[in-house]
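Have a look at the structure below, then the notes.
The values are calculated or read from the model by the stated rules, or taken from the named source; none is laboratory data. Keep in mind the model is a prediction, meaning the values are calculated, not measured. FYI the Cβ positions are ideal-geometry reconstructions off the backbone, even for glycines, and counts take in every protein chain you see.
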Amino acid sequence: MLEDLLIQLRQKDIEINNADQSGLAAIFELSWQSLSLEAQTLGCFLSLFGLAPISRKLLEQILDGIKLDHLPVDDLSEPLAELVKKFLVQVTRPDTYALHELMRERFEQALSELSNADALKHIYCKGIATLARQMPGRPTLADIEAFSPRVPHIIEAATTLQSWLTDKDLTWPYVCLGRFYEVQSAFDQAELWYARCLDISYQRLDNEHLDVAVSLNNLAVLYDNQGYYSEAERFYQEALVMYKRLLSNKHPDVALSLSSLAVLYDNQGHHSEAEPLLQEALTIWRELAQKSPRTYLPYVARTLNDLALLQKAQNELIQAQTNYQEALAIRRQLAKENPRAYLPYVAGTLNDLALLQANQKELEAAQTNYQEALAIRRQLAQENPLICLPHVAATLINLSIFYLQTKPDKDRSVATATEALEILQGFQNNPSLQRYTNVAIQILKANVAKLD
């Protein structure tokens, strides 16, 4: 009888993709009663996802390890097949499903009548938060591609369903979305999610909760990277005060916060304010590295590099070179064990050391270090162009200036500046890279003026 009615509906041209509300309602009502309890529960669970395709892999990841009556976590094949057969769920491509907006509304209504509706929402939010934690702090292009289909579903947890996020999981969907957009230079979207993270942390958690400090720091880093230094300074300072109040003065998060604020001051030319913060951070990292060198030596190297940059700006060249060389030695050793993680930092220190050596007229050493830095960054950019190509452009510009002013070679200067400019054309929506573009243009103009 039911199948006959469905045939009649289809004969009346009620298509799932273009159906009117009454037609879809009719399909839902006819189908709902004939579904198994497992299929009904799964359909209601699917309505929690964003209005976007849902891969079976994502569904299985969210349900991994879950035990709940009538939720078929062990084998989804039969209940999914039921939902598809009854035209309640569409197959958009192999092992990928979607709910029509009106069908989703019907399932949401049915969900509200289930006794375990809250449990299903908690399961969804827990699974999404677990996935969100997997977004690295510095996402690669592969990470962005992997997370793109998940974003609408993460947004659903961060908006409609945020009340069902536990305090422990609360910030992760927002942090994930912030990182996702920040690495793509979609700074307005990144700011939106980081700001929401801070707001919801204040609302749901104690003002003295560590996640509030982390949220402050995330916003500070975002503003810092865009050159909005006054906003960044305020958030860095608030985060540092909270870290020191909530943690030991020798805690790694305190050292990180000290370093971030110091580098911000240095970038603004406030060297006298920056140096004591870096020295305090370096003391913390050295003490921690004595107990756990594998964990904390990278931070010793980074702080040495930052301190050397500061000392160079204050014309303390001997101290700067000593610190660069110690940082480089540490980073080379770390890169032997894990080249993928530490080669970018080897290249960074080589580039900075070359700048110092060029200023001191150590030309051969400077050129060698520039060229090694460029070779490493080219290699890294093949795997991760979003992150690494701007660093390639920066090294090319430094080399171009070197060939323009320090070791004159017009052809090389023009070639490196031109290549840098071509790279930077792909990053025009990133305001923090505009200064590199301006420098490349100035170098080309200077070379033309030399010809004249």
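Is it true that some residue in the stretch 249-266 is in contact with an Asp or Glu (Cβ under 9 Å, 6 or more places away or on another chain), within 30 Å of Asn315 (Cβ to Cβ) and aromatic (Phe, Trp, Tyr)?
yes
If you scan the stretch 62-97, which residues turn out to be among the acidic types (Asp, Glu), at negative phi and assigned to a loop (DSSP other than H, G, I, E, B)?
Asp64, Asp69, Asp74, Asp75 - these are the residues of the stretch 62-97 that are among the acidic types (Asp, Glu), at negative phi and assigned to a loop (DSSP other than H, G, I, E, B).
Quick one: is Tyr370 under 29 Å from Glu316 (Cβ atoms), touching an Asp or Glu at 6+ places or on another chain (Cβ under 8 Å), in contact (Cβ under 8 Å) with a residue 12 or more places away in the chain and not hydrophobic (A, V, I, L, M, F, W, C)? Spell out the reasoning first.
On the way: under 29 Å from Glu316 (Cβ atoms): yes; touching an Asp or Glu at 6+ places or on another chain (Cβ under 8 Å): no; in contact (Cβ under 8 Å) with a residue 12 or more places away in the chain: yes; not hydrophobic (A, V, I, L, M, F, W, C): yes.
Judged against the criteria, Tyr370 is not a match.
Please give the helices (runs of 4 or more DSSP H) falling wholly within the stretch 117-234 in which 3 or more residues are crowded, with 21+ Cβ neighbours inside 10 Å and at pLDDT 95 or above.
Numbers: elements: 117-132, 141-147, 151-158, 172-182, 187-204, 210-225.
By residue number, 117-132, 151-158, 172-182, 187-204, 210-225.
Being free of Cβ contacts under 8 Å to residues at least 24 places away in the same chain and closer than 24 Å to Leu258 by Cβ narrows it down to one of Ala365, Ala329, so name that one.
Values: Ala365 fails: closer than 24 Å to Leu258 by Cβ.
Within the list Ala365, Ala329, the selection yields Ala329.
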